[in-house]
Amino acid sequence: MALSITHLFTKVKPSSAMVELKTLNLKVGHGIEGDINADSISPRQVLIVRYEDILDLSIKAGELRENIVLKGIEFDNFIPGSLLIFESGAAIRLTFHCEPCKRITHLVKSLKSIQGKRGILGVVIKSGKIQVGTNFQIQAHNFSALSENPYERFLNFIIKIPSGKVVTYKQIIKGIGVDNSYLRAIPAYLKKTSAADFPLHRILDSKGYLITYASQQKSKLETEGVQVLSETVLLKNLSKNFVDIQYYLWEDETI
């Protein structure tokens with residue numbers, strides 16, 4: 001059976017419905033042109049599902065908020081680490097499974113029933129347009145799959161932060177491919193992570209302030225050439241240290 005594209009969708013703003021299109025423009029280092037999830041550092045630029053899976057689950061195309069529906073891929077070959085190559089030359093690297101969540105509970109009997117069929121996320125590695133009805137190829141095991149565990153992706157992300165650069169909580173959320181609700185989990189991740197093995201001092205909160213979970217953070221950053229500024233909070237009569245992130249922010253585009 002020929003492998004083909006059956007449906008294409010995009011989402012242009014939060015809480016809006018998916019818009020079905022005949023063509024999508026994929027841009028390397030970005031994602032889908034005009035899509036809300038397009039982001040250079042995100043490992044979840046695109047969501048892809050198998051037509052056979054939504055047919056089996058009696059779910060209409062687009063209801064899983066997917067961007068691309070593909071037909072003809074064997075279940076065992078549809079795995080993270082695979083490479084999709086389209087007729088135009090556009091290509092997508094599959095990164096990790098999209099986790100079943102409460103947003104889709106109304107579509108299935110239980111979240112367990114959709115395990116492994118929710119779709120796989122991916123990043124665009126070659127630009128080009130893709131069209132409904134055209135064919136594609138899949139190459140399994142072409143890349144290393146990203147961990148399905150968000151904490152492991154967190155560790156893999158922060159260990160790459162170079163000396164003299166910083167990241168914020170919001171950058172971490174984007175870089176490990178999780179929902180904004182995970183902002184609450186970052187302090188817990190920091191507490192359980194060894195500062196001896198990981199550069200926690202290069203992490204700032206979402207507003208650019210130094211954090212309480214990294215010992216000697218100010219001196220370590222200054223040793224690496226990062227200028228740490230201070231502002232006085234008059235009502236509390238204390239000083240808060242921060243970094244001007246426009247000069248030192250690191251954006252990982254390597255996935």
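The values are calculated or read from the model by the stated rules, or taken from the named source; none is laboratory data. Keep in mind the model is a prediction, meaning the values are calculated, not measured. Positions of Cβ are backbone-derived with ideal geometry, glycine not excepted, and every protein chain shown enters the neighbour counts. To get the accessible areas, we keep the full protein, side chains included, count just its heavy atoms, and leave off ligands, DNA and RNA. Shrake-Rupley method; radii C 1.70, N 1.55, O 1.52, S 1.80 Å.
Which condition number in (1) in contact with a helix residue (DSSP H, G or I) (Cβ under 7 Å, 6 or more places away or on another chain); (2) under 23 Å from T95 (Cα atoms); (3) in contact (Cβ under 8 Å) with a residue 40 or more places away in the chain is the one that K160 fails?
(1)
Those residues that are among the charged types (D, E, K, R) and more than 25 Å from I176 (Cα to Cα), I need them from the stretch 77-101; list them, please.
E87
Taking the condition within 19 Å of G175 (Cα to Cα), touching a Lys or Arg at 6+ places or on another chain (Cβ under 7 Å) and open to solvent by less than 60 Å² (accessible area, probe 1.4 Å), does L94 pass?
no
Out of the residues in the stretch 135-186 that are among the polar types (S, T, N, Q) and touching a strand residue (DSSP E or B) at 6+ places or on another chain (Cβ under 6 Å), state the one that is farthest from N77 (Cα to Cα).
T168
Output the qualifying pairs, or none if there are none: Cβ atoms under 8 angstrom, residues six or more apart or on different chains, first residue in the stretch 87-115 and on the phi > 0 side of the Ramachandran plot, second residue of a type outside the set (G, A, S) and at pLDDT 70 or above.
Close Cβ pairs (under 8 Å, with a partner that is of a type outside the set (G, A, S) and at pLDDT 70 or above) amount to G89/K126.
For L21, are the conditions met, namely being within 22 Å of G81 (Cα to Cα) and of a type in the set (A, V, I, L, M, F, W, C)? Steps first, answer last, please.
Values: within 22 Å of G81 (Cα to Cα): no; of a type in the set (A, V, I, L, M, F, W, C): yes.
Answer is no for this residue.
Across the stretch 43-80, what is the number of residues that are farther than 16 Å from V124 by Cβ and open to solvent by less than 20 Å² (accessible area, probe 1.4 Å)?
Adding up the residues that qualify gives 10.
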